[in-house]
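Notes follow the structure.
The values are calculated or read from the model by the stated rules, or taken from the named source; none is laboratory data. Every value quoted in this text rests on a predicted model; they were computed, and no experiment measured them. All Cβ positions, even for glycine, are placed from backbone atoms using ideal geometry, and neighbour counts span all protein chains on display. We work out accessible area using only protein heavy atoms, side chains counted, and drop any ligands, DNA or RNA first. Shrake-Rupley method; radii C 1.70, N 1.55, O 1.52, S 1.80 Å.
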Amino acid sequence: MNIKRCGWCEGDPLYEAYHDEEWGVPVIDDDRLFEFLILETFQAGLSWITILRKRENFRRAFDQFDYRKIATYDDQKLEELRNDAGIVRNKLKIAATVQNARAFMQVQQAFGSFSNYIWQFVDHEPIQNQVTNYREAPATTPLSDRISKDMKKKGFSFVGSTVIYAHMQATGMVNDHETDCFRHDEVRELGKQVNG
């Protein structure tokens, strides 16, 4: 069966599987939101496929993305991560992951969950865009600018507007599937369930 997908993922089985199963699906679980946040911060300046190919290595290196554990990492653990060839060995991004785990938990305390905090920016309802060609999708929006600014105030690092918009796309806060992609309508329907 020949199905129509968004143009950015075509031709790579890993990319297609990610597109078909995860990208744009609304995520309200804090653990998953944190995983995507970390992966997006590491992606800054790199291609998403590079990060996807290293995803299992990241999962292993960062204790299954357990932010409670990551928040307690010491200098020895950071050194170990900087020497881990399986991940992106960027000293600043590794340090930011620990900082972001701590900020994440502070947001949870203040808002009940990180999900409550991040989804409030879209009134707990995904934005349904009408993208006809993935190249037309924005890299940032005034909303991602606002979220980025707010997260930086809350102590997060490596959360520029581009990273935040990519996070919004990945976690279904916006539906940027191309309108003729087979997932566009499916993801729109999933979005209706966010509010219950």
Among the hydrophobic types (A, V, I, L, M, F, W, C), out of contact with any Asp or Glu (no Cβ under 8 Å at 6 or more places or on another chain), part of a loop (DSSP other than H, G, I, E, B) and farther than 27 Å from His177 by Cα, is that true of Ile87? yes
The stretch 136-196: helices (runs of 4 or more DSSP H) wholly inside it with 3 or more residues that are modelled with pLDDT under 95 and not hydroxyl-bearing (Ser, Thr, Tyr) are 182-191
When Gln76 is run through (1) closer than 21 Å to His167 by Cα; (2) free of Cβ contacts under 8 Å to residues at least 40 places away in the same chain, the failure sits at (1)
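Hey, can you tell me all the residues within the stretch 124-140 that are open to solvent by 30 Å² or more (accessible area, probe 1.4 Å) and farther than 23 Å from Asp31 by Cβ?
Ile127, Gln128, Asn129, Gln130, Thr132, Asn133, Tyr134, Arg135, Glu136, Pro138, Ala139, Thr140 - these are the residues of the stretch 124-140 that are open to solvent by 30 Å² or more (accessible area, probe 1.4 Å) and farther than 23 Å from Asp31 by Cβ.
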With the first residue restricted to the stretch 3-16 and required to be open to solvent by 50 Å² or more (accessible area, probe 1.4 Å), and the second required to be assigned to a loop (DSSP other than H, G, I, E, B), Cβ contacts under 8 Å at 6 or more apart or on different chains are Lys4/Asp180; Lys4/Cys181
When every residue in the stretch 17-57 that is in contact with a Gly (Cβ under 8 Å, 6 or more places away or on another chain), open to solvent by 20 Å² or more (accessible area, probe 1.4 Å) and assigned to a loop (DSSP other than H, G, I, E, B) is compared, the one farthest from Gly191 (Cα to Cα) is Lys54
Considering residues that are over 22 Å from Arg32 (Cα atoms) and open to solvent by less than 70 Å² (accessible area, probe 1.4 Å), the number found within the stretch 58-81 is 2
Taking the stretch 92-123 and the residues there that are of a type in the set (Gly, Ala, Ser) and open to solvent by 60 Å² or more (accessible area, probe 1.4 Å), the one that is farthest from Glu186 (Cα to Cα) would be Ala110
